[in-house]
Amino acid sequence: MVMLINEALVPCGLLLLSLWLCIQSVPISVDKTKEKPREEELGPPQSAETGLHYDRYLREVIEYLEKDPHFKEKLKNANMEDIKQGKLSKELDFVHHSFRTKLDELKREEINRLRMLLKAKHDIQGGNGRTVDHQALLKQFEHLDHLNQHTFEAEDLDRLIKSATKDLENFDKDRHDEFKRYELMKEHERRERLKAMNEEDRRKEEQHYEEMKKKHADHPKVNHPGSEDQLKEVWQDADGLDPADFDPKTFFKLHDSNGDGVFDESELEALFTKELEKVYNPNNEEDDMVEMEEERLRMREHVMNEVDTNNDRLVSLSEFLAATNKQEFLEKDEWETLDPGTLYTEEELREYEEQLLNEANDINQKSVELEKQRAELERKQEELNAQKFGLQQAVEEMERLKARSPKVEVKQPVAPVTEGEPAPIVPGNNQPLPPAHQQQGVPVPGHS
């Protein structure tokens with residue numbers, strides 16, 4: 001499923017700003033901006049994937065900028081608002097020439113990639129008979145200055161920051177919308193199967209469906225994500241420690257898997273695995289793993305809303321410790337798990353089915369048109385084949401006529417002879433040559 005692919009591609013969905021703000025710089029005791037950086041090839045980016053269509057370009061630009069000592073120092077001292085307002089982009093002018101050259105190469109590669117991508121999309125849309133949305137295609141270039149296709153400038157960095165910020169902020173919403181479409185399709189297909197059944201089979205299927213719903217809902221208590229009970233359960237089951245010895249600071253360090261001093265989205269979601277396993281089992285017919293990933297997203301959003309006070313999509317140690325001192329941390333109520341039936345109304349389902357019907361009609365109409373075009377092409381091909389066959393027959397007939405016709409001997413015309421004049425000499429005959437034409441010592445043809 002597309003949603004599962006997105007989940008694999010976006011283990012943390014970090015903002016560009018968050019990726020930068022959590023850089024760990026080494027102390028700088030000398031002015032390293034005057035030193036020539038060591039040339040090195042940049043391999044595949046090591047930072048977490050974002051799921052954006054320009055993900056690789058984004059991460060490679062970040063990792064190259066991190067290698068410049070001057071820019072890294074400025075980044076270390078920058079705050080969120082400075083970065084959003086583009087103040088950091090101005091520091092690009094002080095980045096070493098060798099890194100600027102690499103950034104130029106990255107931009108040219110990205111421009112070429114986008115050109116091929118847009119051409120493919122344009123061909124697909126045009127080939128399907130759909131109107132090409134040129135404005136939507138041009139939005140693919142919003143993360144860079146496409147008017148300058150050769151060099152990476154401050155304008156490119158500013159656009160990259162703004163695009164990544166906006167796109168990643170909308171990423172969760174897009175995932176929810178995609179999941180809703182998934183549930184609408186699932187219910188639509190279920191009802192279509194019921195329509196194709198006889199009354200007895202339909203009754204059995206409906207009964208089985210209700211039984212599976214009840215079985216899925218019958219699970220152990222799910223603790224509130226981020227609550228004391230939930231974290232203590234992880235402390236005990238995953239860490240093998242006594243819940244009575246629970247210490248928030250130690251817990252944070254244990255589960256900060258990359259040791260960068262913050263919980264990113266993937267590290268946070270990993271804390272909910274135990275709760276999700278209470279509800280979802282891939283071996284159970286009644287449990288949908290796509291729904292499990294939506295549940296994981298809901299849990300993470302809930303914790304982020306309560307803990308991430310500066311909205312950088314990361315949970316720092318100070319934010320985490322502050323959350324454990326709130327009243328909400330002692331929440332004892334069970335977490336209300338996902339109920340797919342509440343995600344849409346019957347009206348929305350009808351609208352969705354109408355949309356599917358219209359799309360199916362458009363496809364059928366296009367199929368009929370293509371069939372007519374195919375038939376017309378076949379007819380023209382038959383006409384061409386017939387013409388070709390006729391020409392071949394005409395050529396063969398001409399060859400036969402030519403072979404049957406007798407060869408006509410062409411005779412040299414003889415000029416009339418006037419009385420008293422010698423007869424004209426015809427080469428090759430047996431007439432003797434006049435004496436004037438005889439050569440000394442040359443035999444006369446026809447005489448020995």
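For a straight C-alpha distance cut-off of 30 angstrom, the lysines reachable from Lys388 (same-chain residues fewer than eight places away being disregarded) are Lys372, Lys380, Lys402. Give me the percent of accessible area attributable to carbon and sulfur for the stretch 209-363, probe 1.4 angstrom. Roughly 46 percent, rounded to a whole number. Note that the stretch 249-308 presents 40 Å² accessible area per residue, ligands and nucleic acids not counted, probe 1.4 Å.
Set the bar at 19 Å for Cα to Cα. Now go through Lys76/Lys107; Lys121/Lys162; Lys274/Lys332; Lys90/Lys162; Lys173/Lys253 and name every pair that lies beyond it. With Cα atoms farther than 19 Å apart: Lys76/Lys107; Lys121/Lys162; Lys173/Lys253. Extension gain, Glu206 to Lys180: 0.36 nm times the residue separation minus the Cα-Cα distance gives 7.1 nm. Normalising the Debye intensity of the stretch 234-301 to I(0), with uniform scatterers on Cα atoms only, and taking log10 at q = 0.15, 0.29 Å⁻¹ returns -0.58, -1.24. Taken over the Cα atoms of the stretch 140-294, the convex hull encloses 179 Å³ per residue. Bridging of Lys232 to aspartates and glutamates at a Cα separation below 17 Å is possible for Asp242, Asp245, Asp247, Asp256, Glu267, Glu269, Glu275, Glu277, Glu328, Glu331, Asp333, Glu334, once same-chain residues fewer than 8 apart are set aside.
A simple packing score, the average count of other Cβ atoms within 10 Å per residue, orders the peptides 71-78, 197-204 as 71-78, 197-204, with the highest score first.
The values are calculated or read from the model by the stated rules, or taken from the named source; none is laboratory data. Please read all numbers here as calculations on a predicted model, not as lab measurements. Neighbour counts run over all protein chains shown; Cβ positions are idealised from the backbone, glycine included. Each accessible area value is taken on the protein alone, full model and side chains, heavy atoms only, with ligands, DNA and RNA left out. Shrake-Rupley method; radii C 1.70, N 1.55, O 1.52, S 1.80 Å.
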